[in-house]
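The block underneath contains the structure these notes are about, expressed in structure tokens.
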Amino acid sequence: MFDKSDARFPIKSREVFVNHCGIGPTCRAAVDAEIKIAQQHVTEGTTVANGYDAVLADLRSAAAELIGTVETNMSFMRNTSEGMNLIANGFPWQAGDQIITYRYEYPSNMFPWVLQCQNHGVDLVLLDNTTWDGQPTDSTTPIGWSLDDLERKLTPKTRMVTLSHVQFSSGFAADLRALSDLCEDRGVLLVIDAAQSLGCMPVNVDDYKIAAIAWSGWKWMLGPIGTGLLYTSPEFRERLQLTMAGFNSMAHSLLGSDYLDYTWEPITDGRVFEYSTEPLTLAAGLAASIRDNFLQYGPVAVFEEVTRLQTILREGLAAQDTYMTAGPADAHRSGILSVTTRPDVADADGSMKLLIAEFRRRNIRATVRCGYLRLGPHYYNTDDEMRTVVEAIHNAAGR
Ligand SMILES: Cc1ncc(COP(=O)(O)O)c(C=O)c1O
């Protein structure tokens with residue numbers, strides 16, 4: 001059913017790529033779309049700008065379809081951090097307001113909030129680390145957080161809860177349903193960093209009460225580096241002050257190019273955050289990837305295939321005694337399968353040198369982060385590729 005050919009994913013002819021939780025490879029469709037615009041720019045010059053609005057509109061509409069919203073809620077970004085900063089800097093904080101996040105978030109979901117502590121006297125409250133089944137732990141290896149802890153830490157001063165859908169280190173996926181219900185119940189805004197989920201796991205914003213979602217285009221999304229997306233709900237967007245303003249943030253820019261009209265009239269939809277000339281080639285690349293991968297097959301089918309491929313890895317891991325999967329197969333499952341070592345085995349110092357060396361010998365691409373070897377296969381990986389990874393694990397285990 002899936003076209004997994006090298007033609008669509010040229011990386012396959014070079015290596016077994018299971019590092020989509022890192023910098024993902026771009027797909028052929030994305031690069032073709034980028035080249036088309038770059039080519040037009042070099043041969044036709046200014047006329048490339050005739051397609052400017054259409055390219056960006058196409059990206060917003062593809063991204064909106066991916067998450068089940070309307071294109072007016074979407075904005076093109078450079079990365080996840082840009083989206084998070086637009087939110088963090090634009091929210092009307094009062095001194096003493098609280099923001100809650102998890103203590104081991106990726107920096108894109110930490111520094112924008114730390115900045116608010118410095119600039120506005122906001123308190124950043126950190127959820128404690130837990131085991132996979134939600135029990136408190138003193139371990140400094142990141143795993144996840146619990147709703148119980150969140151519930152205890154919510155106070156009348158909490159304005160926002162901001163969490164990754166999937167933790168970059170362990171692959172712990174949040175229960176978005178329960179998280180969104182709790183935040184809605186307590187009248188607290190929910191912001192999600194979906195860099196490790198969208199492109200792999202389905203998220204339909206209509207199913208939840210989420211104020212904003214920011215994510216990168218260059219991991220699971222298989223798009224160009226330097227791209228990201230931001231979803232904002234209309235009610236939330238209305239509450240955000242602009243922190244960047246330019247011609248393209250203003251409603252009259254939609255009517256034509258009167259560069260001397262300085263009327264302050266911001267656009268009310270997501271385009272307001274695309275304040276000036278955007279990187280058009282990259283926008284076209286990301287749109288092409290969304291359409292050629294995730295809209296073609298549907299995000300549910302994509303995640304089912306990732307899960308099926310992961311099962312081959314899980315079974316392979318279960319058949320040897322050195323390495324083991326960190327998390328359970330069902331609850332908190334994501335695209336990232338994190339692997340650790342059993343105690344008292346050859347590779348047990350956490351660096352996984354033997355396994356990484358074996359991967360290198362077989363051209364398998366994966367990374368170690370925070371004590372885990374992260375395996376992040378995508379839907380276009382094959383069963384054979386998974387078996388190559390399993391063989392490498394068994395070989396390293398036998399050393
Ligand atoms: C959870 C999470 N958020 C965001 C990012 C990337 O952030 P940015 O797009 O700002 O580089 C990563 C990258 O690994 C991540 O794991």
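The values are calculated or read from the model by the stated rules, or taken from the named source; none is laboratory data. Just so it is clear, the model here is predicted, and its values are computed rather than measured. Note that we place each Cβ from the backbone using ideal geometry, even for glycine, and neighbour counts take in every protein chain shown.
If you check ILE225, ILE192 for being within 11 Å of the ligand (Cβ to nearest atom) and closer than 23 Å to LYS4 by Cα, only one passes: ILE225. Number of residues in the range 328-352 that are touching a residue at least 40 places away in the same chain (Cβ under 8 Å) and either under 19 Å from MET201 (Cα atoms) or of a type in the set (D, E, K, R) (or both): the value is 10. Scanning the range 195-222 for residues that are among the aromatic types (Phe, Trp, Tyr) and more than 16 Å from the ligand (Cβ to nearest atom) gives a single hit, TYR208. In the range 257-279, is there at least one residue being under 25 Å from the mean Cα position of the chain (by Cα), among the aromatic types (Phe, Trp, Tyr) and at pLDDT 95 or above? Checking the range 257-279: at least one residue is under 25 Å from the mean Cα position of the chain (by Cα), among the aromatic types (Phe, Trp, Tyr) and at pLDDT 95 or above. Applying the criterion of being assigned to a loop (DSSP other than H, G, I, E, B) and within 13 Å of the ligand (Cβ to nearest atom) to the residues of the range 75-91, the residue that is farthest from the chain's Cα centre (by Cα) is ARG78.
For PHE236, the criteria (1) within 12 Å of the ligand (Cβ to nearest atom); (2) closer than 23 Å to ALA64 by Cβ hold in every case but one, which is (1).
Does any residue of the range 96-112 turn out to be charged (D, E, K, R), touching a residue at least 12 places away in the same chain (Cβ under 8 Å), within 16 Å of the ligand (Cβ to nearest atom) and surrounded by fewer than 18 Cβ atoms within 10 Å (Cβ to Cβ)? Within the range 96-112, one or more residues are charged (D, E, K, R), touching a residue at least 12 places away in the same chain (Cβ under 8 Å), within 16 Å of the ligand (Cβ to nearest atom) and surrounded by fewer than 18 Cβ atoms within 10 Å (Cβ to Cβ).
Residues are listed down the side, and each one gets a yes or a no for (1) buried (at least 20 other Cβ atoms within 10 Å of the Cβ); (2) among the aromatic types (Phe, Trp, Tyr); (3) at pLDDT 95 or above; (4) at negative phi:
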position	(1), (2), (3), (4)
ILE87	yes, no, yes, yes
TRP145	yes, yes, yes, yes
SER164	yes, no, yes, yes
ASP175	no, no, yes, yes
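Scanning the range 141-163 for residues that are more than 12 Å from ILE100 (Cα to Cα) and within 14 Å of the ligand (Cβ to nearest atom) yields a total of 2. The single condition among (1) buried (at least 18 other Cβ atoms within 10 Å of the Cβ); (2) within 15 Å of GLU105 (Cα to Cα); (3) free of Cβ contacts under 8 Å to residues at least 60 places away in the same chain that ASP128 does not meet is (1).
Cβ-Cβ distances below 7 Å connect the following pairs, each with a first residue in the range 159-183 that is within 28 Å of PRO92 (Cβ to Cβ), a second residue that is assigned to a loop (DSSP other than H, G, I, E, B) and small (Gly, Ala, Ser), and a separation of six or more residues or different chains: LEU163/ALA174; HIS165/ALA174; HIS165/ALA194; HIS165/SER197. Only one of the numbered conditions (1) part of a helix (DSSP H, G or I); (2) more than 16 Å from the ligand (Cβ to nearest atom); (3) surrounded by fewer than 22 Cβ atoms within 10 Å (Cβ to Cβ) is not met by CYS183, and that is (3). Quick check, is GLY187 under 18 Å from the mean Cα position of the chain (by Cα), assigned by TED's automatic domain parsing to the domain that holds GLN94 and at positive phi? Answer is no for this residue. Would you check if SER81 is under 30 Å from GLN241 (Cβ atoms) and not assigned by TED's automatic domain parsing to the domain that holds MET386? Answer is yes for this residue.
Within the range 6-46, being within 23 Å of LEU295 (Cβ to Cβ) and in a strand (DSSP E or B) holds for one residue alone: PHE17. The residue list THR325, THR277 contains one member that is within 30 Å of ALA49 (Cα to Cα) and free of Cβ contacts under 8 Å to residues at least 60 places away in the same chain, which is THR277. Checking each residue in the range 370-389 for being surrounded by fewer than 18 Cβ atoms within 10 Å (Cβ to Cβ) and modelled with pLDDT under 95 picks out only CYS370. Among residues that are among the polar types (S, T, N, Q), farther than 30 Å from ALA62 by Cα and within 26 Å of the chain's Cα centre (by Cα), SER338 is included. Summed over the range 347-363, the residues that are in contact with a helix residue (DSSP H, G or I) (Cβ under 6 Å, 6 or more places away or on another chain) and modelled with pLDDT under 85 give a count of 1.
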